[in-house]
1. For a quick check of your reading: which helices (runs of 4 or more DSSP H) sit entirely within region 109-207 and have at least 3 residues that are buried (at least 16 other Cβ atoms within 10 Å of the Cβ) and under 16 Å from the mean Cα position of the chain (by Cα)?
2. Specify the residue that is surrounded by the most Cβ atoms within 10 Å (Cβ to Cβ); the eligible residues are those in region 34-60 that are in a loop (DSSP other than H, G, I, E, B) and touching a helix residue (DSSP H, G or I) at 6+ places or on another chain (Cβ under 9 Å).
3. Given the criteria at pLDDT below 95 and among the β-branched types (Val, Ile, Thr), does Thr145 qualify?
4. Output the residues belonging to region 86-99 that are touching a residue at least 24 places away in the same chain (Cβ under 8 Å) and surrounded by fewer than 17 Cβ atoms within 10 Å (Cβ to Cβ).
5. Would you be able to say whether some residue in region 34-55 is within 15 Å of the chain's Cα centre (by Cα) and over 23 Å from Thr178 (Cβ atoms)?
6. Can you tell me which residue in region 61-85 is surrounded by the most Cβ atoms within 10 Å (Cβ to Cβ), limited to those that are hydrophobic (A, V, I, L, M, F, W, C) and assigned to a loop (DSSP other than H, G, I, E, B)?
Amino acid sequence: MRGKPINDQLKNRTADIASNSHRRADTALLIVDMIADYEFDNGDKIFANALEAAQNIAKLKARTKAAMIPVIYVNDNYGVWQNDFDATLECAQRSERGKQIVELLRPDKDDYHVLKPQRSGFFATPLDVLLTSLDISNLIITGITADICVLFTAHDAYMRGYRINVPADCTAAVNRETCSTALDMLRRTADADIKRSADIELQMPAEETSAAQ
């Protein structure tokens, strides 16, 4: 006799990972690598574009929170294996550039976070387990850089069967041409919807909508 589908079994085993309201959302917002000190190679150039993206991500995040959509910070550990996400956040806040991003995108208590060791948010991380526990099938992927970590994360999401949005105004790279080229590649090769964040329609879960009426 066959048991429950694997995803159902996993959700039962990880019942404490997520709130029930987030499980009804079907969509998650990923914020990739925005929490940083921007002291790396080309950090000054990336920061100039990332700051504008952060302003747009902050607006999008406010909308997703209102719609009961979970927010997941997917952040590089920058090779510092002793750090957890709080330490990474603290490091960013101590830097002149990083603190400006943190002021716009400070994580809330009910947000999730995953540290990654490589370019993709899925490689050697629990991100897929978390998304499965949340019963997510749609991803809105934001952050930096469009041509590296956002690109790798979006492609890995596509290959795992997620429907993806990469809003053009919520990502950045070392320059606008590089960002635009990466977005066009995602549109062509990963079926990504790259329309601007204001044009993304967000809906509250059906049960939440009924309760609000």
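1. Details: elements: 127-134, 149-159, 176-189.
Because the criterion is at least 3 residues that are buried (at least 16 other Cβ atoms within 10 Å of the Cβ) and under 16 Å from the mean Cα position of the chain (by Cα), the helices (runs of 4 or more DSSP H) in region 109-207 that meet it are 127-134, 149-159.
2. Narrowing region 34-60 to residues in a loop (DSSP other than H, G, I, E, B): 34-42.
Filter again for touching a helix residue (DSSP H, G or I) at 6+ places or on another chain (Cβ under 9 Å), leaving 34-40.
Working: Met34: 27, Ile35: 25, Ala36: 25, Asp37: 19, Tyr38: 22, Glu39: 15, Phe40: 11.
Top of the filtered list is Met34.
3. Details: at pLDDT below 95: no; among the β-branched types (Val, Ile, Thr): yes.
So Thr145 does not fit the description; no.
4. Filtering region 86-99 for residues touching a residue at least 24 places away in the same chain (Cβ under 8 Å) gives 88-89, 91-92, 94-95, 97-98.
Residue satisfying the conditions is Arg94 alone.
5. Among the residues of region 34-55, not one is within 15 Å of the chain's Cα centre (by Cα) and over 23 Å from Thr178 (Cβ atoms), which makes the answer no.
6. First pass over region 61-85, keeping only residues hydrophobic (A, V, I, L, M, F, W, C): 62, 66-69, 71-72, 74, 80-81, 85.
Retained after the next criterion (residues that are assigned to a loop (DSSP other than H, G, I, E, B)): 67-69, 80-81.
Numbers: Ala67: 17, Met68: 20, Ile69: 26, Val80: 12, Trp81: 8.
So the residue we want is Ile69.
The values are calculated or read from the model by the stated rules, or taken from the named source; none is laboratory data. Keep in mind that this is a model prediction, so the values were computed, not measured. All Cβ positions, glycine included, derive from the backbone under ideal geometry; neighbour counts span all protein chains shown.
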